Structure formats: C-alpha cells, structure tokens
Amino acid sequence: MALIVQKYGGTSVGSTERIATVAEKVMATRSQGNDVVVVVSAMSGETNRLVALAKSLADPPKAREFDVLLATGEQVTISLLSMTLEARGCPARSYTGSQVHILTDSAHTKARILEIDDKRIHDDLAQGTVVVVAGFQGTDAQGNITTLGRGGSDTTAVALAAALKADECQIYTDVDGVYTTDPRVVHQARRLDKICFEEMLEMASLGSKVLQIRAVEFASKYNVPLRVLSSFKEGQGTLIASEDETMEKALISGIAFNRDEAKLTLLGVPDQPGIAYHILGHIADANIEVDMIIQNIGADGTTDFTFTVHHNDYKNALTILQNIAKELGVREVLGDDSIVKISLVGVGMRSHAGIASTMFKTLADEGINIQMISTSEIKISVVVHEKYLELGVRALHAAFNLDEAAS
Ligand code: ADP
Ligand code: ASP
Ligand code: MG
C-alpha cells in the first residue's frame, strides 16, 4: 500500500463536471489500495477574479486582507470535492491550510511553508478517509491567513508529500507532462519522460509556470518523487527526479521564457567604485528584486548600467532611478517594458561548447536583435523585444532538434 498525494489545478476543478471527474480519479487510486491526500486549487479564473475584485477597491490592497480574500477560492473546491466523494460513498474530509497547521512565515502573498503538523492527516488516513487539503494557503505564527504566491498549490502538495513521506506526489494539470517548451506556444513541443530537479528548477525559475519553483525546490530538498500528469488524458506524464544515467543526455532539455520582466538603463554613469552598489542599494531598499545585470566597459570616465526587474516593480524602480539620477551624476534614465527573456536549459551544456554561438546565430538569422545576455553552467538567457517571442522560441526549438518530428 502506498501513500499518494495528488494535486489538481484550476482547470481540473473548473466546473462541477470536472470535480466529479476528479472524484472518480481519486476513488480509482484509493480502490487500488492506496492512501490518498488530495490538494486542490481554486476553480480556474477564480483567483484572478478575486485579485481584480480587491484591486477595484484598493490598489495595492492591505496584504493581510488580500490573503484572507485569496484563500477563499480553495475553500470552495475542497468542500465541493469532499461532498462529491462522500455522495459517492467514499469517506472524505476537507481541511483549510490552517486546520492542518500549514505554518508559514508572515510574508503575505508570498509566504514560505515552515512546518506542517501531519498528525490529523495520518489519523484520517488510518480510518480510510481521503484527506482533501486547500492548496496555496497557510497560517503564520500569529494565526493570520497567508498565501504562497501564484501557483502555490503545487508547493502545498509537495510540502505535504515531504511531511507525510508520501511515495509519490502527482501534479494533475491541463497538459500531460512537462514539455520541451510551453506547448501552447510551440505546437511541435515534445513531452519529456523524465527531467532532473536541477533542470526543472531552472525551467521554473526562468518562466515555465507548469510548476511553481518552490514546489521543485521542496521536492529536490526532500527527494520527493514528483510527476506531472494530465487530468484529462491517460499517460505516464513526466517524472521529475534526481539526475541519473537513465536520463536522456540531451544537450538542451528545454526552452523557457518569461514575459514578466522590464528593463531599466542608466546612461553615462560615472565609472567609479561603489556606483553599482549605490544604484542597486536604492532598488533593494524598496524590496525590489533584480534579475539580470549588465555593466558596459567604461569609456571617458563613464559607463552604462542595465538591469531587469519584475513588471510589477517597473514603475516604482523607474521613479527611484529618476530620483537618484541627479545625485549620482547620471546622464539619462531609460525604461523598456516591451521585453521578453528566452532561455535554453540543459545539464548537457556543462560539457559542450558552441551552444551560445548556435543560439546567437539562430536568432541573427531570424533578424532578432539581442539586448542582454546572461549565462550559467546549465542555461543561457537572452533578452529580446517581446514581438520576437514566438519566432525566437520556435526557431531555437527547431535549431536544437527539440521538435517532435526530430525525436
Ligand atoms: P494548473 O492550474 O493546473 O496549476 P498551470 O496553468 O499553472 O496549471 O500550468 C500548466 C500550464 O503550464 C500549461 O497549460 C502550459 O501552458 C504551461 N507551461 C509552460 N511551460 C510549460 C512546459 N515546459 N511544459 C508544459 N507546460 C508548460
Ligand atoms: N489558485 C492559486 C493561483 O491561481 C494557486 C494555484 O492555483 O496553484 O495562483
Ligand atoms: Mg499552476
């Protein structure tokens, strides 16, 4: 007998018919002799609706109250699923995050899970009850409701799987696995049978929203076998696990992209010690995270400095830079929020040269100008104009033989 944690995303619980289908799948897993813990998201579109509702009254809304609101979406689906299971003769109990003591820090809207008390869940499982837990939410030490950031139900599921020492954590969604790139953008994208934690971490952090990055971090840290599967289609999905010999030794495993960044440039920055610290210090003080950074070689005692931030922080960052420009003696501040970041990811890159040049040639052949470049051992990212997103990703997908037909 195994203990399985299953997570169903928004589309999978998007209507009463779909909730009924989820109930059937849960019951089928249980009838094979498994203990089942289910984590559900809010019905599709519901979290967006709640965000818009809040912002129509207060922008930004008070973080504590915003979380109280956002957490309601998942409370609807845990009860609906549990009722459906009970009505079909399957014992089930629903729990909010706080009821199963998903303790988090107090960082509202992006809280981190610190601890889970698994006693109540184990007691229910021992009675043969299916436990249905609300994703995306927890409670801080003061008893305030917190949420885990968009896509956070994935993290609830993996954290529960780790705490309960589950045999597998299954993430059911609207695609049948992790693909070489978002199959909605590149139709030739290919499903991967396996991908290692390290690559999945990069893919998630570089913009592939199929799994929340913290879910992958948790799975990797606690070695939770994680599988992404379709709620609508049978299949083995994609296993995310530690790197091993049986993994495909592809040069490039996937292409991620991120539409959520904006670029800021300071022209004519005095080329002297401490300048980067000064600029980024002001940005950090405003709690704005910086992603890519480029500083040009200095000429005539000045240099140019460019960095990217999340879209949501763009206006704020631009205002900060405009305010400090005079004090720092900067010639001009420029902003550009029409950019995308495209990244190639693959552990195979470690042992191969020439990937960057193939990437740059492919983009050049399509007439795509590269605005920024950043590399690490297992990824290369470029920033380009947003109008080139689809063209660039498709061209790279073909150039690195990732297309379905090429496999
Ligand atoms: P859920 O609501 O089930 O959590 P999400 O919308 O969060 O679903 O994640 C699934 C979506 O992730 C897919 O519909 C797909 O468009 C997108 N996606 C992005 N990159 C990838 C990828 N590499 N492989 C599969 N899906 C991807
Ligand atoms: N409902 C939340 C969201 O839409 C959490 C999740 O679905 O994972 O982001
Ligand atoms: Mg998701």
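Listed by position, the strands (runs of 3 or more DSSP E) enclosed by segment 259-353 that each have at least 2 residues that are in contact with a Phe, Trp or Tyr (Cβ under 7 Å, 6 or more places away or on another chain) and either among the polar types (S, T, N, Q) or without any contact (Cβ under 8 Å) to a residue 24 or more places away in the chain (or both) are 290-295. Among the residues of this structure, Thr21 does not count as one that is surrounded by fewer than 19 Cβ atoms within 10 Å (Cβ to Cβ) and touching a strand residue (DSSP E or B) at 6+ places or on another chain (Cβ under 6 Å). The listed residues are Thr16, Thr77, Thr84, and the only one of them that is open to solvent by 10 Å² or more (accessible area, probe 1.4 Å), under 28 Å from Val224 (Cβ atoms) and among the β-branched types (Val, Ile, Thr) turns out to be Thr84.
Within segment 171-201, the residues that satisfy the criterion of being more than 11 Å from ligand 1 (Cβ to nearest atom) and part of a strand (DSSP E or B) are Lys194, Cys196. Looking across Ala215, Ala204, one residue alone is within 16 Å of ligand 2 (Cβ to nearest atom), within 25 Å of Leu389 (Cα to Cα) and either touching a helix residue (DSSP H, G or I) at 6+ places or on another chain (Cβ under 8 Å) or assigned to a strand (DSSP E or B) (or both). It is Ala204. Taking the conditions (1) open to solvent by 60 Å² or more (accessible area, probe 1.4 Å); (2) in contact with a Lys or Arg (Cβ under 9 Å, 6 or more places away or on another chain) in turn, Asp336 satisfies each one other than (1). The set of residues in segment 226-258 that are among the hydrophobic types (A, V, I, L, M, F, W, C) and either open to solvent by 20 Å² or more (accessible area, probe 1.4 Å) or part of a strand (DSSP E or B) (or both) comprises Leu226, Val228, Leu229, Phe232, Leu239, Ile240, Ala241, Ala250, Leu251, Ile255, Ala256, Phe257. Looking at this structure, is Ala189 open to solvent by less than 30 Å² (accessible area, probe 1.4 Å) and away from ligand 2 (no atom under 16 Å from the Cβ)? So Ala189 fits the description; yes. Looking across segment 81-96, just one residue is among the aliphatic types (A, V, I, L, M) and either over 14 Å from Val26 (Cα atoms) or not in a helix (DSSP H, G or I) (or both), and that is Ala92. Among the residues of segment 14-37, some residue qualifies, meaning at least one is more than 16 Å from ligand 1 (Cβ to nearest atom), closer than 25 Å to Ala141 by Cβ and out of contact with any Phe, Trp or Tyr (no Cβ under 6 Å at 6 or more places or on another chain). Annotation: of all residues in segment 1-19 being within 15 Å of ligand 3 (Cβ to nearest atom) and in a loop (DSSP other than H, G, I, E, B), the one that is farthest from the chain's Cα centre (by Cα) is Gly14.
The values are calculated or read from the model by the stated rules, or taken from the named source; none is laboratory data. No experiment lies behind these values; they were computed from the predicted model shown. We place every Cβ from the backbone using ideal geometry, glycine too, and count neighbours over all the protein chains shown. Surface accessibility is based on the protein's heavy atoms, side chains included, excluding ligands, DNA and RNA. Shrake-Rupley method; radii C 1.70, N 1.55, O 1.52, S 1.80 Å.
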